[in-house]
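K.L.:
Below is one structure. I have some questions about it.
Just so it is clear, none of the values below were taken in a lab; they were calculated from the coordinates. Every value quoted in this text rests on a predicted model; they were computed, and no experiment measured them. Cβ coordinates were reconstructed from backbone atoms using ideal geometry, including for glycine residues, and neighbour counts include every protein chain displayed.
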Amino acid sequence: GAVVSQHPSWVICKSGTSVKIECRSLDFQATTMFWYRQFPKQSLMLMATSNEGSKATYEQGVEKDKFLINHASLTLSTLTVTSAHPEDSSFYICSARENLNNEQFFGPGTRLTVL
Amino acid sequence: SQQGEEDPQALSIQEGENATMNCSYKTSINNLQWYRQNSGRGLVHLILIRSNEREKHSGRLRVTLDTSKKSSSLLITASRAADTASYFCAPHSGGYQKVTFGTGTKLQVIP
């Protein structure tokens, strides 16, 4: 149980395009999900907290217009990187907090490469 | 938010040896998870241990938890080259605390 999936696993796109990444909790409901970013050889940095049915809360320094978050249901949150540029190339990892006991589980991540 | 700090930062051992890495955290927890990340790849969930548990096993993995010392250890027995990866702990205080990761322990298993 408690599996979090992400789609796609990796994506390569051209500069200027927008990319959507999905995060799903497969066997539990999650009112709250989190999005992290990991640069090469560094740890995960929390970008934003996504709440079902309301606006996301962004960490300091994260551009909310650049990284659009939609948490439309209790099992799905999406992160859209708008007008992506090479510096947005990174590993994006989501995490879902299980409603039942507040345990937090991480997805496998999505590698974004912007050419 | 609750953050785990892994120690050592890097560890290199021969194949077949055991590897031990530690995690310390600051405030009381509800549970603690260990994850593995191979270079350039995603996170793989290894084990979750709850605050009322002291030890847990999964295959060649053994995790201990000492809540009085606010620390956990991950032991990999009979290591293999495929165990080469970074290992992260994720302590969770429960409630609405966010989990953040430390820098991990980078394990290298030499064939």
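K.L.:
What is the magnitude of the charge dipole of the protein assembly as shown about its Cα centre, with +1 placed on the Cβ of each Lys and Arg, -1 on the Cβ of each Asp and Glu, and no other charges, expressed in debye to the nearest 20? Please report the intermediate quantities before stating the final value.
P.N.:
Values: 23 positive and 19 negative charges, 14 e Å.
It comes to approximately 60 debye.
K.L.:
Any idea what the dipole of region A:23-115 comes to, in debye rounded to 20, about its Cα centre with Lys/Arg Cβ at +1 and Asp/Glu Cβ at -1? The partial results should precede the final answer.
P.N.:
Numbers: 8 positive and 9 negative charges, 28 e Å.
Its charge dipole is roughly 140 debye.
K.L.:
Follow-up question, since we're still on this one. Mind checking B:33-43 for the average number of partner chain beta-carbons within 10 Å of each residue's beta-carbon?
P.N.:
Working: counts 5, 0, 4, 0, 8, 0, 2, 4, 6, 12, 12.
For this peptide, the per-residue mean of nearby foreign Cβ atoms is 5.
K.L.:
Next question. Which residue, chosen from A:N70, A:T32, A:A84, occupies the Cα position most advanced towards the positive end of the dipole of chain A, where the dipole is computed from +1 (Lys, Arg) and -1 (Asp, Glu) charges on Cβ about the Cα centre?
P.N.:
Of the candidates, A:A84 comes out farthest on the positive side.
K.L.:
Turning to a different aspect of this structure: Restricting to the protein assembly as shown, what percent of DSSP beta bridges are antiparallel, rounded to 5?
P.N.:
Numbers: 73 of 84 bridges.
Percent antiparallel among DSSP bridges in the protein assembly as shown is about 85.
K.L.:
Select from B:T77, B:T20, B:G102 the residue farthest towards the positive end of the dipole of chain B; place +1 on Cβ of Lys and Arg, -1 on Cβ of Asp and Glu, and compute about the Cα centre.
P.N.:
Selected residue: B:G102.
K.L.:
Which cross-chain or sequence-distant (5 or more) residues have an amide H under 5 Å from the amide H of A:E103, H modelled 1.01 Å from N in plane?
P.N.:
A:E98
K.L.:
Considering amide H positions built from the backbone, and no H for Pro or chain starts, which residues 5 or more places from A:E59, or on another chain, come under 5 Å of its amide H?
P.N.:
Long-range HN contacts for A:E59: A:A48, A:T49.
K.L.:
What's the ranking of A:35-41, A:92-98, A:45-51 by average number of surrounding C-beta atoms within 10 Å, highest first?
P.N.:
Details: A:35-41: 17.3, A:92-98: 25.9, A:45-51: 20.6.
So the peptides A:35-41, A:92-98, A:45-51, ranked by packing, come out A:92-98, A:45-51, A:35-41.
K.L.:
Would you please put A:67-80, B:16-29 in order of how densely packed they are, using the mean number of other Cβ atoms within 10 angstrom per residue and starting with the highest? Present the calculation step by step, with values, prior to reporting the outcome.
P.N.:
Details: A:67-80: 18.6, B:16-29: 16.4.
Ranked by mean Cβ neighbours within 10 Å, highest first: A:67-80, B:16-29.
K.L.:
So, one more: When the Karplus curve 6.51 cos²θ - 1.76 cosθ + 1.60 is applied with θ = phi - 60°, which whole-Hz ³J(HN,Hα) does each residue of region B:82-87 get, with x for Gly and Pro?
P.N.:
Each residue's phi maps through the Karplus curve to give 5, 7, 4, 4, 9, 10 Hz.
K.L.:
Which percent of Cα pairs goes in each bin when the distances of region B:35-75 are cut into 10 angstrom slices starting at zero?
P.N.:
All Cα pairs considered, the percentages come to 27, 48, 22, 3.
K.L.:
Let me ask another. Give me a single rounded figure for A:85-95: the average over its residues of other chain Cβ atoms within 10 Å of their Cβ. Please report the intermediate quantities before stating the final value.
P.N.:
Details: counts 0, 0, 0, 0, 0, 0, 5, 0, 5, 0, 4.
Partner-chain Cβ atoms within 10 Å, mean over residues of A:85-95: 1.
K.L.:
Shifting gears a bit: Working only with C-alpha atoms, what are the Rg and Dmax values of region B:4-111, expressed in angstrom?
P.N.:
Every Cα atom of region B:4-111 included, Rg and Dmax give 13.2, 43 Å.
K.L.:
Give the average, rounded to an integer, of partner chain Cβ atoms located within 10 angstrom of each Cβ in A:104-113. Write out the running numbers ahead of the final one.
P.N.:
Values: counts 10, 8, 11, 3, 6, 5, 1, 3, 0, 0.
Across A:104-113, the average partner-chain Cβ count within 10 Å equals 5.
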